[in-house]
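The values are calculated or read from the model by the stated rules, or taken from the named source; none is laboratory data. Nothing here was measured: the structure is a model prediction, and the numbers come from that model. Quick reminder, even Gly has a Cβ in these numbers, built from the backbone with ideal geometry, and neighbours come from all protein chains shown. The accessibility values were calculated without ligands, DNA or RNA, using every heavy atom of the protein model including side chains. Shrake-Rupley method; radii C 1.70, N 1.55, O 1.52, S 1.80 Å.
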Amino acid sequence: MIVTVLGGGNGSHAAVVDLSLGGHDVRWWRRSAPFPDGGRLRYRTHDDAGEVTPTLVTHDLGAAIKGSDLIVAPVPATAQPELLDALTPLLAPGQAVAFTPGTFGTWLGAKRRPDVAFLETGTLPYLTRVTAPGEVSIPVISGNLPVGSIPGTGALADDAHARFAAAYPMAVRLTDGLDAALSNWGPVIHPPLIAHNLGAIETIAERFDIHADGASPSVLATTRALDAERVALRRALGFGEPHWPLADYYAGRDTSMYPPDAKARLLASGLWRESVTLQHRYVGEDIRCGLVLNVALARLAGVEAPVGSAILTLMGTALGEDLLAEGRNPRSLGTEDLDELRRNAREGMTMLAA
């Protein structure tokens, strides 16, 4: 299968490696940044090490996606609109584009090209970091990868899910793109870590491992409460089990999106002892986009979300922004009608939108 990977971040490097090892014909596109020599990537996983070379590396987006069976875009949610502006005019009807994860990027894509299937996952398929130019470490790969699409049903969706499952055999198909967006762990894990640890983030910098030093029992209490709000919202909107409770990850259950020993592998790797600034993806993607979406939808649905609202208030004060008004809220998606959101996520868009 021809799979195109878009972007140059941690997730894109890992996807090039993983999909190449899976036997796929992998193309790799970056907008302008240089590739490692020949596109070659050295990798280290939990139990293996080696090198892969994608079939094609290019800065030409059209050449990268032409004839591609699946396009994988592990780009931050904040980069999705600009990417879609460039990508959607080049797509052929029936192609499949997967945001990993999506933060409801499926909606943004489907508005532009309703004849293309847009998929998104509930988490990045990899816990990974680029460790040097041309080198990536991937200590954890997802064991259960929830994925939904817009449209969520019909031949276009069925074909796209079949392609995605060929690339990611651990895929678990969900109802639609909104189901997947509300399964996303990023807006639950990262906002409490950021909000509770601002002092350490700004003063200790790279000496502070936010996932180890920052995940104290009191911080995790906030995380559990925030996840309960996410699950309550899912139930209010009619989504059924599984709700992908984050507790499964911390308890090391095999129903988690990651393997039971994922947390131990993450900490043992030492890769997350890094500088996390207020410009980090945890803020731009998981707070401005993901948490804003969850809290705004909860308000429309009449679901209590005091913890999420409090984090947005605290972080908005720190950033000097009204996050709920400026982030990825229903108004920015073009509708505040929950019935319309649910219907179009399930059935797909009926016409192109501006």
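Among the residues of the stretch 21-44, is any at pLDDT 95 or above, touching a strand residue (DSSP E or B) at 6+ places or on another chain (Cβ under 8 Å), surrounded by fewer than 16 Cβ atoms within 10 Å (Cβ to Cβ) and small (Gly, Ala, Ser)?
There is no residue in the stretch 21-44 that is at pLDDT 95 or above, touching a strand residue (DSSP E or B) at 6+ places or on another chain (Cβ under 8 Å), surrounded by fewer than 16 Cβ atoms within 10 Å (Cβ to Cβ) and small (Gly, Ala, Ser).
If a residue has to be more than 16 Å from residue 230 (Cα to Cα) and not in a helix (DSSP H, G or I) to count, how many in the stretch 329-352 make the cut?
9
Any idea which of 106, 131 is within 26 Å of residue 294 (Cβ to Cβ) and out of contact with any His (no Cβ under 6 Å at 6 or more places or on another chain)?
106
Every residue in the stretch 265-304 that is buried (at least 23 other Cβ atoms within 10 Å of the Cβ) and not in a helix (DSSP H, G or I), please.
Residues satisfying the conditions are 276, 285.
For the stretch 137-147, how many residues meet the condition of being hydroxyl-bearing (Ser, Thr, Tyr) and either out of contact with any helix residue (DSSP H, G or I) (no Cβ under 8 Å at 6 or more places or on another chain) or at pLDDT below 95 (or both)?
Final tally of qualifying residues: 1.
Considering only residues that are touching an Asp or Glu at 6+ places or on another chain (Cβ under 6 Å) and assigned to a loop (DSSP other than H, G, I, E, B), look in the stretch 47-81 and name the one that is farthest from residue 141 (Cα to Cα).
Restricting to residues being touching an Asp or Glu at 6+ places or on another chain (Cβ under 6 Å) and assigned to a loop (DSSP other than H, G, I, E, B), the top hit is 55.
Show me the helices (runs of 4 or more DSSP H) entirely contained within the stretch 139-238 in which 1 or more residues are open to solvent by 30 Å² or more (accessible area, probe 1.4 Å).
Counting at least 1 such residues, we get 155-167, 186-196, 198-203, 217-236.
Take the conditions basic (Lys, Arg) and under 30 Å from residue 264 (Cα atoms) and apply them to residue 42. Does it pass?
So residue 42 fits the description; yes.
Among the candidates 270, 302, 334, which residue alone is at positive phi and touching a Phe, Trp or Tyr at 6+ places or on another chain (Cβ under 9 Å)?
Exactly one residue qualifies, and that residue is 334.
Six or more apart or on different chains, Cβ atoms under 6 Å: show the pairs whose first residue is in the stretch 142-163 and more than 18 Å from residue 92 (Cβ to Cβ) and whose second is of a type in the set (Val, Ile, Thr) and part of a loop (DSSP other than H, G, I, E, B).
Within 6 Å, the pairs are 152/175.
Let's see how each residue does on (1) at pLDDT 95 or above; (2) under 19 Å from residue 4 (Cβ atoms); (3) among the hydrophobic types (A, V, I, L, M, F, W, C):
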site	(1), (2), (3)
149	yes, yes, no
157	yes, no, yes
164	yes, yes, yes
168	yes, yes, no
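Just checking, how many residues over the stretch 242-254 are more than 18 Å from residue 220 (Cα to Cα) and modelled with pLDDT of 95 or more?
2
List pairs: first residue in the stretch 255-277 and touching a residue at least 60 places away in the same chain (Cβ under 8 Å), second residue aromatic (Phe, Trp, Tyr) anywhere in the structure, Cβ distance under 7 angstrom, at least six positions apart or on different chains.
These pairs meet every condition: 256/249; 257/185; 257/244; 257/249; 258/249; 262/249; 266/272; 276/282.
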